[in-house]
Amino acid sequence: MNFDFFEPRDGQLHAEDVPLARIASEFGTPTYIYSKAALTRAWYEFTAELAGRDALVCYAMKANSNLAVLNTFARLGAGFDIVSGGELTRVIAADGDPRKVIFSGVGKRVDEIALALHHDIHCFNVESLPELERVNAVAQGLGKQAPISFRVNPDVDAGTHPYISTGLKENKFGIEYGMAIALYRKAASMPGVRVAGIDCHIGSQLTDVAPLLQALERMLALVDALGAEGIPIHHLDLGGGLGIRYSGETPPDPRAYMREIIRRIGSRRLKLMFEPGRNLVGNAGILLTRVEHLKTASAKNFAVVDAAMNDLLRPSLYSAHHEIIAVSPSDVMPQRYDVVGPVCESGDFIGKDRALAIREGELLAVMSAGAYGMVMSSNYNTRPRAAEVMVDGATPYLVRRRESVAELFAGERILP
Ligand code: LLP
């Protein structure tokens with residue numbers, strides 16, 4: 001497996017140079033743990049082939065928006081792909097550069113557009129005619145011109161889970177391919193917007209580059225057609241979507257993917273942009289949890305752990321598979337368990353039918369939890385959200401303290 005920065009040493013699972021058992025005793029469980037070295041390596045792998053080119057990689061921060069994660073990428077020179085005014089505020093709080101921000105999403109509010117204009121973001125990825133009209137109006141009202149690109153739906157099948165597939169005609173995302181030229185003509189005539197680029201994003205956790213390259217070809221055809229109409233396209237944003245290895249997958253190599261894109265772009269003068277989320281953070285994080293009970297029923301064994309679907313929703317929502325590893329070796333025989341949380345839902349599970357040699361009270365590491373883990377967590381069952389720790393070499397830093405129960409209802413009031 002490629003969990004390089006989360007490996008056993010003397011049988012004890014570590015995050016870089018820190019034993020996970022030490023993190024559990026210092027910060028408790030459940031806790032998300034990120035490796036700074038793993039984040040950094042993922043960044044360099046993604047960007048290596050882009051060196052020396054006009055390119056901007058905007059980390060899709062919806063995957064993991066902890067300030068320490070954002071700041072790590074900001075220091076490496078990343079831009080950010082945001083989907084809300086809240087995310088923009090986080091970028092600024094993490095010392096990111098708002099001028100390297102692109103704003104995606106189908107439902108941008110007026111105040112969010114104004115905030116983004118105020119901070120001179122790099123580009124708005126516009127997803128409909130009413131949104132174009134709104135961006136134009138807000139920008140004019142502020143005496144500004146908004147840089148825009150259209151998110152064009154290339155109508156290709158990403159071949160991934162239907163909930164995270166976005167590039168087909170029936171998805172809510174983007175403008176229809178056949179409408180693109182007409183909308184660009186319209187945008188070119190509007191005083192409050194300036195046509196900057198073109199963009200697409202066809203889905204997430206793609207393990208085959210073929211659909212991504214098919215989308216690229218369709219985008220390039222539009223770039224050429226628009227150029228011929230006198231509407232120059234300055235940047236091409238190919239979105240995110242590059243998958244990672246959760247267990248048996250063989251995800252595309254980012255370097256080979258980049259080389260192929262560069263080859264196909266040929267002599268066109270286009271700034272290249274990307275919006276990777278999962279690829280940069282997925283394998284750089286784990287969720288550490290403790291076994292509360294081992295419960296045996298006639299049909300099944302259950303390992304009841306202190307993390308639940310409110311901490312990591314992916315298994316419940318997408319039937320996603322995350323490897324689960326015992327942190328310390330145990331002298332007991334392995335048995336098959338459903339690893340479940342304490343939440344009152346049958347859909348509350350972290351993994352099914354896993355062979356584990358464990359005792360009550362021991363620690364388990366849920367792997368590849370750096371993307372769409374903490375960000376999708378909730379307080380269901382009045383469960384405080386997990387702590388987050390980032391490890392750098394031999395030092396664990398608490399990058400978000402565990403919530404207290406009192407905080408969870410601090411904003412609530414009873415009637416007089
Ligand atoms: N750009 C846009 C416009 C997006 O909608 C997304 C993800 C990305 C970039 C980043 O995609 P990535 O590189 O991470 O594949 N919660 C789901 C994934 C939802 C993805 C939503 N959009 C999961 O846990 O699998």
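Points worth noting:
- With Cα atoms defining each centre, the range 339-416 and the range 1-37 are spaced 16 Å apart in the structure.
- Cα lying deepest toward the dipole's positive end in the chain, options Pro251, Leu317, Thr72, charges on Cβ: Thr72
- Accessible surface of the chain, 1.4 Å probe, proportion on carbon and sulfur as whole %: 51 percent
- Stokes-Einstein diffusion of the range 168-294 at 4 °C, 1.567 mPa s viscosity, Kirkwood radius from Cα pairs, rounded to a whole number: 77 µm²/s.
- Mean sequence separation of contacting Cα pairs (under 8 Å, at least six apart), scaled by the length of the chain, corresponds to a relative contact order of 19 percent.
- Label sites at Arg264 and Glu176, each approximated as a point 7 angstrom past Cα along Cα to Cβ, lie 2.4 nm apart.
- What the range 36-279 shows is 40 Å² of accessible area per residue, with the surface traced by a 1.4 Å probe over protein heavy atoms.
- Part-to-part distance (alpha-carbon centres) for the range 213-230 and the range 111-139, which is given in Å: 24 Å
- Using alpha-carbon coordinates, inclination of helix 36-47 to the longest axis of the chain, degrees: 30 degrees
- Overall dimensions of the range 114-240, expressed as equivalent-ellipsoid semi-axes from the Cα gyration tensor (√(5λ), whole Å, largest first), are 26, 16, 12.
- Within the listed set His235, His321, His119, the residue fluctuating most in the Gaussian network model of the chain (springs between alpha-carbon atoms under 10 angstrom) is His119.
- Pairwise FRET efficiency - Leu142 versus Lys352, Cβ, R0 = 41 Å, nearest 0.05: 0.20
- Relative contact order (percent, whole number), the range 268-416, Cα cutoff 8 Å, 6+ residue spacing: 26 percent
- Computed log10 I(q)/I(0) for the chain at 0.08 Å⁻¹: -0.47, from the Debye equation with unit scatterers placed on every C-alpha and solvent omitted.
- Cα long-axis angle, helix 210-228 against the chain (0 to 90 degrees, to the nearest 10): 20 degrees
- If both residues of a DSSP beta bridge must be in the chain, then about 45% of such bridges are antiparallel.
- Solvent-accessible surface (1.4 Å probe) assigned to Cys344 amounts to roughly 110 Å².
- Note on Ile231/Ser404: beta-carbon distance plugged into 1/(1 + (r/R0)^6) with R0 of 56 Å gives a FRET efficiency of 0.55.
- The chain, dipole about Cα centre (Lys/Arg Cβ +1, Asp/Glu Cβ -1), debye to the nearest 20: 680 debye
- Two-decimal Rg to Rh for the range 76-184 - Kirkwood Rh, Cα set: 0.99
- Taking the C-alpha atoms of the range 287-416, convex hull volume expressed per residue in Å³: 138 Å³
- Net charge in the neighbourhood of Arg255 (other residues with Cβ under 14 Å of its Cβ; Lys, Arg +1, Asp, Glu -1) is 0.
- With a Förster radius of 51 Å applied to the C-beta separation of Val110 and Val332, the computed FRET efficiency comes to 0.30.
- Backbone HN-Hα couplings from phi across the range 332-348 [Karplus 6.51/-1.76/1.60, Hz, Gly and Pro as x]: 8, 6, x, 10, 8, 10, 8, 8, 10, x, x, 6, 7, 8, 5, x, 8
- Among residues other than Glu87 with Cβ under 15 Å from its Cβ, the summed charge is -1 (Lys and Arg +1, Asp and Glu -1).
- Kirkwood Rh in Å, taken over all unlike Cα pairs in the range 36-279: 18.0 Å
- Value at 222 nm in deg cm²/dmol, rounded to 500, when DSSP H runs of n ≥ 4 in the chain each add -39,500 (n - 2.57): -8000 deg cm²/dmol
- Multiplying the residue separation of Ala93 and Phe302 by 0.36 nm and subtracting their alpha-carbon distance yields 71.0 nm.
- Whole-number D in µm²/s for the range 344-383 (Stokes-Einstein; Kirkwood sum over Cα pairs; 25 °C, 0.890 mPa s): 191 µm²/s
- The chain: angle of helix 129-141 to the longest principal axis, Cα-based, in degrees nearest 10: 80 degrees
- Charge dipole (debye, nearest 20) of the range 36-279; +1 at Cβ of Lys and Arg, -1 at Cβ of Asp and Glu: 460 debye
The values are calculated or read from the model by the stated rules, or taken from the named source; none is laboratory data. Treat the numbers as computed from the prediction; the structure is a model and nothing was measured. All Cβ positions, glycine included, derive from the backbone under ideal geometry; neighbour counts span all protein chains shown. The area values use the complete protein model at the heavy-atom level, side chains included, leaving out ligands, DNA and RNA. Shrake-Rupley method; radii C 1.70, N 1.55, O 1.52, S 1.80 Å.
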